[in-house]
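Let me begin by presenting the structure, written as structure tokens, before commenting on it.
The values are calculated or read from the model by the stated rules, or taken from the named source; none is laboratory data. Computed from a prediction, not measured in an experiment: that's the story for all the values here. Cβ placement follows ideal geometry from the backbone for every residue including glycine, while neighbour counts extend to all protein chains displayed.
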Amino acid sequence: MPFMLDDLKKAQQAYRQFLERRPPEHHARYIFPFFAGSYFCYRKIDVRRVVAVAKAASSDPSYLDVGCGYGDFLSKIREFLPNASGVEKEGGIFYALGVEKPAYIEVAPVESIAKQGDMAFVGWMEPGVDFRRQVSKAAQCIVTTFDAGGQCGINGGCEYDEFGYERVAWWRTPSWIDVNAEVMNRYYTPTLSEEKKEQLADLRSAHNFWYVYARPDIADKVRESLRAQAAMEDPHDRFEFEGVLDECGFGYKEELLTVTSARRLWEVVFD
């Protein structure tokens with residue numbers, strides 16, 4: 001869906017007014033993810049895992065972030081893969097608001113992807129949009145994130161098995177909606193009693209999933225690379241904004257009462 005200029009300007013005005021209130025550090029990325037974050041939550045360990053997948057495909061992998069927006073996640077990937085690039089179809093998000101577009105982000109439709117590469121990352125597909133076929137032509141490995149609320153593809157699916165990939169692994173994280181609800185309840189809803197806040201916190205869930213796919217001929221190599229990365233993870237090596245996730249009850253390897261599968265947050269499950 002194309003962004004409307006007036007809507008963008010109104011949203012940006014609300015974002016600036018919010019910043020004038022001098023809110024706690026990093027709250028903006030979970031309240032205004034379009035301007036200050038991304039529509040999925042991540043930690044540094046997520047970045048390192050994605051990089052490990054890419055390097056399993058090649059020692060010097062090509063990396064494409066499909067639908068990268070302003071490039072929040074992509075900028076973190078580039079700390080490890082300096083040549084990583086992105087494609088974003090909505091050039092208006094840069095030009096309408098006077099935001100400088102990085103040279104490593106191309107404004108183009110997904111259909112323009114023609115070059116076969118090593119790694120593609122898909123952090124978001126709008127409901128009703130399905131460009132998996134185009135992405136599957138562009139990479140040996142794919143990492144995609146999606147929420148359990150139905151986002152992803154015209155049929156509600158984010159899987160790439162039908163396009164010749166093998167699912168290697170997956171893990172669960174909170175979605176930005178999960179964190180947004182906790183932040184708003186804790187800090188910006190003064191009418192809520194402490195008892196009610198605790199009750200709402202007990203209902204928290206984590207319904208975002210990261211799926212890792214690879215072509216069958218390199219699936220084992222990707223699996224072992226990711227397994228090695230997960231085994232040496234240091235939860236203390238982190239981005240500053242991760243503290244908000246901890247405050248909201250979405251800690252690294254934390255198990256939520258509402259998670260019926262008994263899988264802990266950020267626990268890698270291998271297929």
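Of all residues in segment 160-181, those satisfying the criterion of being under 15 Å from residue 215 (Cβ atoms), of a type in the set (Asp, Glu) and in contact with a strand residue (DSSP E or B) (Cβ under 8 Å, 6 or more places away or on another chain) are 161, 166. Please tell me if residue 59 is without any contact (Cβ under 8 Å) to a residue 60 or more places away in the chain, surrounded by fewer than 20 Cβ atoms within 10 Å (Cβ to Cβ) and either assigned to a helix (DSSP H, G or I) or under 11 Å from the mean Cα position of the chain (by Cα) (or both). Judged against the criteria, residue 59 is not a match.
The rows are residues; the columns are (1) touching a Lys or Arg at 6+ places or on another chain (Cβ under 7 Å); (2) closer than 12 Å to residue 118 by Cα.
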site: 55; (1), (2): no, yes
site: 66; (1), (2): no, no
site: 72; (1), (2): no, no
site: 94; (1), (2): yes, no
site: 101; (1), (2): no, no
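Scanning segment 66-85 for residues that are modelled with pLDDT under 95 and in a strand (DSSP E or B) yields a total of 1.
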